[in-house]
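Take a look at the structure below.
The values are calculated or read from the model by the stated rules, or taken from the named source; none is laboratory data. Owing to the predicted nature of the structure, the values given are computational and were not obtained by experimental measurement. Positions of Cβ are backbone-derived with ideal geometry, glycine not excepted, and every protein chain shown enters the neighbour counts. What goes into the accessible areas is simple: the full protein's heavy atoms, side chains included, and nothing from ligands, DNA or RNA. Shrake-Rupley method; radii C 1.70, N 1.55, O 1.52, S 1.80 Å.
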Amino acid sequence: TPPHSQTYSSRLSNHTNPAARALLQCIERKRSNLCVSVDVSTKARFLEVVDAVGPSVCLIKTHMDILEDFDADLLEQLQALSKKHDFLIFEDRKFADIGNTVVLQYSKGTQRIASWSHLTNAHIVPGPGIISGLASVGLPLGRGLLLLAEMSSEGTLARGEYTDAAVRMARGAREFVVGFIAQRRLGEEGEDWLILTPGVQLGAAGDTMGQQYNTPSKVVGEGADVIIVGRGVYAKGGKEEVRAEAERYRREGWAAYEKRVGI
Ligand code: S5P
């Protein structure tokens with residue numbers, strides 16, 4: 001059976017990367033294939049949203065470089081919430097430089113991404129050196145990498161042959177590259193890549209800057225293993241509303257998964 005029709009737990013045996021395995025296990029444990037993208041710019045709001053959505057998610061996606069008051073304490077508190085609520089962390093840094101530079105960006109600077117982020121992602125534009133650079137830092141720490149094979153935005157160049165090239169590049173680094181940011185299942189039948197899909201919202205077609213939305217049931221039906229929802233969850237307001245929205249997306253995403261695998 002292709003991964004598309006397998007349960008998350010049965011797919012564990014297809015994965016050796018520690019971050020991929022931890023994610024699959026967390027998804028099953030919490031019955032959640034929801035990742036919330038917390039794209040807010042203050043520490044207080046960030047921690048409020050993470051604490052609110054924590055019970056409903058398998059993964060929190062961050063853009064740590066948009067926090068105005070970023071500090072070491074924020075990372076400590078995020079890691080404490082990750083233990084309290086049982087979720088993994090994905091820094092959406094979209095690395096896109098030569099190997100030597102991404103090694104520095106991933107391991108050093110003020111954020112030391114590799115030290116706290118289980119998953120991160122990269123564009124394939126530079127060629128395979130970006131993967132070997134990131135792997136030299138991430139593999140010893142048990143981290144995993146997602147390649148951007150497709151994007152959700154209107155007019156994206158990441159399609160067709162570009163997407164195929166991303167899959168080929170992933171095949172060359174199977175222990176570290178665990179899957180793709182994509183809009184649908186990628187790879188051949190015998191391959192098991194984790195597909196994480198952004199551009200998900202209920203009741204909106206897009207924003208004013210090219211973002212395009214599909215529903216959880218649509219994208220999970222197309223092969224998404226994890227749905228990534230940002231403004232659909234946190235734009236609603238206070239902590240209780242945000243918590244309720246996250247739970248609504250968790251239920252939708254899980255129902256779509258059960259339908260896909262037929263359980
Ligand atoms: O193709 C993509 C890839 C990513 S990682 N399209 C995206 O929107 N993203 C990210 O997902 C984007 O950077 C943002 O953090 C999130 C979508 O946010 P939303 O508010 O539109 O749901």
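The accessible-area ordering, largest first, of the residues 218, 239, 259 stands as 259, 218, 239, per a 1.4 angstrom probe. Quick one: check the C-alpha center-to-center distance for the range 5-77 versus the range 174-205, whole angstrom. The range 5-77 and the range 174-205 have Cα centres separated by 16 Å. On the beta carbon distance between residue 41 and residue 5, with R0 = 35 Å, the FRET formula returns roughly 0.30. Summarising the label geometry, the points placed 7 Å from Cα in the beta-carbon direction at residue 98 and residue 73 lie 4.0 nm from one another. Karplus-derived 3J(HN,Hα) values for the range 248-257, using 6.51 cos²θ - 1.76 cosθ + 1.60 with θ = phi - 60°, are 5, 5, 4, 4, 4, x, 6, 4, 5, 5 Hz; glycine and proline are entered as x.
Once you order the gyration tensor axes a ≥ b ≥ c over the Cα atoms, which shape class does the range 1-124 get: rounded for a/c under 1.5, otherwise prolate or oblate by comparing a/b with b/c? It is oblate, given that a/c is not under 1.5 and a/b is not larger than b/c.
Normalised by the number of residues in the chain, what is the relative contact order in percent for Cα pairs under 8 Å and 6+ residues apart?
Reported as a whole number, the value is 21 percent.
Among 30/259; 239/259; 61/239, which pairs are too far apart, with a Cα-Cα distance over 21 Å? The pairs that break the limit, which is 21 Å between Cα atoms, are 239/259.
The value of relative contact order for the range 211-263, using C-alpha pairs under 8 Å at least six residues apart, is 45 percent.
If the Kirkwood radius is taken over C-alpha pairs of the range 185-226, then at 37 °C and 0.692 mPa s the Stokes-Einstein diffusion coefficient equals 291 µm²/s.
Need one number: the % of Cα-Cα pairs in the chain sitting beyond the 25 Å mark.
Tail fraction, whole percent: 40.
Legend: P(r) of the range 40-194 from all alpha carbon pair distances, 5 Å bins from 0, whole percents, reading 2, 9, 18, 20, 18, 16, 11, 5, 1, 0. Using the 1.4 Å probe convention, the accessible area of the chain works out to 42 Å² per residue with neighbouring protein chains retained.
Between the C-alpha center of the range 91-161 and that of the range 217-263 there is a gap of 25 Å.
Please tell me the relative contact order of the range 146-239 in percent, rounded to the nearest whole number, where contacts are Cα pairs under 8 Å and at least six residues apart.
Relative contact order here is 26 percent.
In order along the range 57-68, phi translates into HN-Hα couplings of 10, 9, 8, 10, 9, 10, 10, 4, 6, 9, 6, 6 Hz, rounded to whole numbers, per the Karplus curve 6.51 cos²θ - 1.76 cosθ + 1.60 with θ = phi - 60° and x for Gly and Pro. Rounded to the nearest whole Hz, the Karplus-based 3J(HN,Hα) values (6.51 cos²θ - 1.76 cosθ + 1.60, θ = phi - 60°) of the range 226-243 follow the sequence 9, 9, 10, 10, x, 4, x, 9, 8, 6, 6, x, x, 4, 5, 5, 5, 4, with x at glycine and proline.
Note down the net charge around residue 205, summing +1 for each Lys or Arg and -1 for each Asp or Glu among other residues with Cβ under 15 Å from its Cβ.
0
Net charge dipole, the chain: roughly 520 debye, given to the nearest 20, about the Cα centre with Cβ charges of +1 for Lys and Arg and -1 for Asp and Glu. Residue 112 sits with roughly 130 Å² accessible to a 1.4 Å probe, with DNA, RNA and ligands left out of the calculation. If you roll a 1.4 Å probe over the chain with all protein chains in place, what percent of the accessible area is carbon or sulfur? Within the chain, the accessible surface is 51 percent carbon and sulfur.
These residues, 171, 11, 45, go from largest to smallest accessible area, 1.4 Å probe, as 171, 45, 11. Calculated [222 nm] ellipticity per residue, helices only, for the chain: -12000 deg cm²/dmol; basis is -39500 (n - 2.57) per DSSP H run with n ≥ 4, divided by all residues, nearest 500.
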